[in-house]
Amino acid sequence: MDSTNLADLWDRVFGTQPDPSQWLVLATASVALIAVVPRPIWRLSRNAITIAHEGGHGLVALLTGRRLDGIRLHSDTSGLTVSRGKPTGIGMILTAAAGYTAPSLIGLGGAWLLAANHITLLLWVATALLLAMLVMIRNAYGAVTVVLAGAAFLLVSWLTTAGVQAAFAYVVVWFLLLGGVRPPFELQSKRRHGEAGDSDADQLSRLTHVPPAMWLFLFHAVSVCSLLGGGRWLLGL
């Protein structure tokens, strides 16, 4: 590849794209909301939130010096991330706390990139993260799910027009911001009915001696604040 082609590729990935029209931003928010609110659709779309949830566990485990053994994604939208290291301490706490906060924080980062008009860069970063996650997947369903998600990002970023890329990117980011709000409420409901006794909030409570309700409050706060902040960026407020 010569220097001209490298420069073109650099400009394509790291360059900025035009601001989408306001109607597209609102339309993509509506599409994302439809993917989150109705229960039958949510049962399918929640797989994307699970990818972000388990990816958050895995990424923070690596960043805190733990050894990541593998990630599993299941058809019931549950998942499992296994890491090795000190069973207590800040690394384990951050790793456990990363799951429920990851979708919203990833959405917030995506909103920041879109506000800066780096639409193509967002798609390529997402593709790279999914490819890195694929290496750690340890079951067939998880591998297929991550491959399909990565292929969608790659094809859209490489083969479609700027308008299609913008629509796809805004739907994804809106979905992460909106979809990140629902799982903490689901967890709260399960715990109220005596279920999910070994949830992330309960593990964090055992690690820190802080009541699970406080960790649930943190999950709610991160998701709602990310939605408010990211929504303002996406709407250009």
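Summary table
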item: Label point distance in nm, residue 134-residue 86, each placed 7 Å from Cα along Cα→Cβ; result: 3.6 nm
item: Among 118, 209, 220, residue whose mean-square fluctuation peaks in a GNM of the chain (springs only between Cα atoms under 10 Å); result: 209
item: Fraction of accessible area attributable to carbon and sulfur, the chain (%, probe 1.4 Å); result: 69 percent
item: Förster-model FRET efficiency, 30 Å R0, residue 63 and residue 198, C-beta, rounded to 0.05; result: 0.80
item: Candidates 123, 155, 218, ranked by Gaussian network fluctuation over the chain, Cα under 10 Å, top entry; result: 155
item: Gained length - residue 155 relative to residue 23, 0.36 nm times residue gap less alpha-carbon distance; result: 45.1 nm
item: Net dipole in debye of the chain [+1 Lys, Arg Cβ; -1 Asp, Glu Cβ; about Cα centre; nearest 20]; result: 660 debye
item: Percentage relative contact order, the chain, counting C-alpha pairs under 8 Å, at least six apart; result: 26 percent
item: Tensor-based shape of the range 105-237 (alpha-carbon gyration tensor, a/c under 1.5 rounded, otherwise prolate or oblate); result: oblate
item: Value of [θ]222 nm, deg cm²/dmol, for the chain, DSSP H segments ≥ 4, -39500 (n - 2.57) each, nearest 500; result: -25000 deg cm²/dmol
item: Residue 31-residue 144 pseudo-label distance in nm [points 7 Å out on the Cα-to-Cβ vector]; result: 2.5 nm
item: Nearest-ten-degree value, helix 212-235 long axis tilted from longest Cα axis of the chain; result: 10 degrees
item: Cα gyration tensor shape for the chain, rounded if a/c is under 1.5, else prolate or oblate; result: prolate
item: Gyration tensor verdict on the range 101-158 (Cα atoms; rounded if a/c is under 1.5, prolate if a/b is larger than b/c, oblate otherwise); result: oblate
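The values are calculated or read from the model by the stated rules, or taken from the named source; none is laboratory data. Just so it is clear, the model here is predicted, and its values are computed rather than measured. With ideal geometry, Cβ positions are generated from the backbone for all residues, glycine too; neighbour counts draw on all protein chains shown. Quick note on the areas: whole protein, heavy atoms, side chains included, nothing else; ligands and nucleic acids left out. Shrake-Rupley method; radii C 1.70, N 1.55, O 1.52, S 1.80 Å.
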